[in-house]
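Enquirer: Below you will find the structure I want to go over with you.
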Amino acid sequence: MTSGLLKDLRARSQDGKAWENAYRALRPAVYRTAYSLMGGDVAAAEDLTQEAFLRFLQYTDLNALESDEHLLAYLRQTVRHLCWDRKKTAVVTTSIDTPEAQFTLNRGADNEEVESLAWDIEQLSGTLPQLERQLLRELITGAPLPDIARKLNITYGAAAVRVHRLRAKLQRIINGL
């Protein structure tokens, strides 16, 4: 990283060129952090990188930072928090076990809709590995997690993790359609 970057920013805080140099020097490391945390989502990483720099410009006291390394650590921590916030707000799921979801699934569904849904699920499951297909079938039939764990010969905790990962994977596939 460029040495004296923080010193230059302090000396020329009103100079747009100093801020531009800082952005160019620090952006790659901050972007890599966002890119990694967002699972390779380029657009989200770019947005969060810019947001981190905007927050830095608006709220940071340059005199509170000790070195260029501290400046970079501060920006990377800011982008981490932004990533976590985005993930927290983006995860909105409805369990199929809730009465509201059951009502939605059961009301007004005729045979044609059910057959269409079954076909869609079959097509979707065809893209999954064998263990995930088996797990999806068990979930669709409404099997409780302890029974699923027993049938797959894995621990309850492992079954819970696999269910969570399968739901996340299916959500990514659906969002990609």
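Enquirer: Do any residues in region 58-76 that are closer than 24 Å to MET38 by Cα have Cβ atoms under 8 Å from those of residues that are not in a helix (DSSP H, G or I), where the two are at least six apart or on different chains, and which pairs are they?
Expert: GLU69/MET1; LEU71/LEU65; LEU72/MET1; TYR74/THR60; TYR74/LEU65
Residue-by-condition table, conditions (1) modelled with pLDDT of 90 or more; (2) of a type in the set (Lys, Arg); (3) over 28 Å from LEU6 (Cβ atoms); (4) not assigned by TED's automatic domain parsing to the domain that holds GLN171:
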position	(1), (2), (3), (4)
LEU57	no, no, no, yes
ALA64	no, no, no, yes
LEU71	yes, no, no, yes
ASP85	no, no, no, yes
THR104	no, no, yes, no
ARG107	no, yes, yes, no
ASP120	no, no, yes, no
LEU131	no, no, yes, no
GLU138	no, no, yes, no
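Enquirer: Only one of LYS7, LYS17 is more than 21 Å from the chain's Cα centre (by Cα) and either closer than 14 Å to ARG86 by Cβ or surrounded by 12 or more Cβ atoms within 10 Å (Cβ to Cβ) (or both). Can you tell me which?
Expert: Details: LYS17 fails: either closer than 14 Å to ARG86 by Cβ or surrounded by 12 or more Cβ atoms within 10 Å (Cβ to Cβ) (or both).
Exactly one residue qualifies, and that residue is LYS7.
Enquirer: Shifting gears a bit: Condition first: touching a residue at least 24 places away in the same chain (Cβ under 8 Å) and either acidic (Asp, Glu) or in contact with a Gly (Cβ under 9 Å, 6 or more places away or on another chain) (or both). Now tell me which residues in region 120-177 satisfy that.
Expert: Correct list: GLU132 only.
Enquirer: Based on what the data block shows, is THR49 in contact with a Phe, Trp or Tyr (Cβ under 9 Å, 6 or more places away or on another chain) and over 17 Å from TRP84 (Cβ atoms)?
Expert: Taking the combined requirement at face value, the residue does not satisfy it.
Enquirer: Kindly provide the set of residues from region 124-177 that are among the β-branched types (Val, Ile, Thr), in a helix (DSSP H, G or I) and out of contact with any Asp or Glu (no Cβ under 8 Å at 6 or more places or on another chain), ordered by number. Reasoning before the result, please.
Expert: Restricting attention to region 124-177, the residues satisfying the condition of being among the β-branched types (Val, Ile, Thr) are 127, 140-141, 148, 154-155, 161, 163, 173-174.
So of that shortlist, the ones also in a helix (DSSP H, G or I) come out as 140, 148, 161, 163, 173-174.
Across region 124-177, the qualifying residues are ILE140, VAL161, VAL163, ILE173, ILE174.
Enquirer: Moving on to the next point. Test VAL92 against the stated conditions and say whether it is loosely packed, with under 15 Cβ neighbours inside 10 Å and at pLDDT below 90.
Expert: It is true that VAL92 is loosely packed, with under 15 Cβ neighbours inside 10 Å and at pLDDT below 90.
The values are calculated or read from the model by the stated rules, or taken from the named source; none is laboratory data. Predicted model, so just to flag it, every value in this text is computed and none were measured. Neighbour counts run over all protein chains shown; Cβ positions are idealised from the backbone, glycine included.
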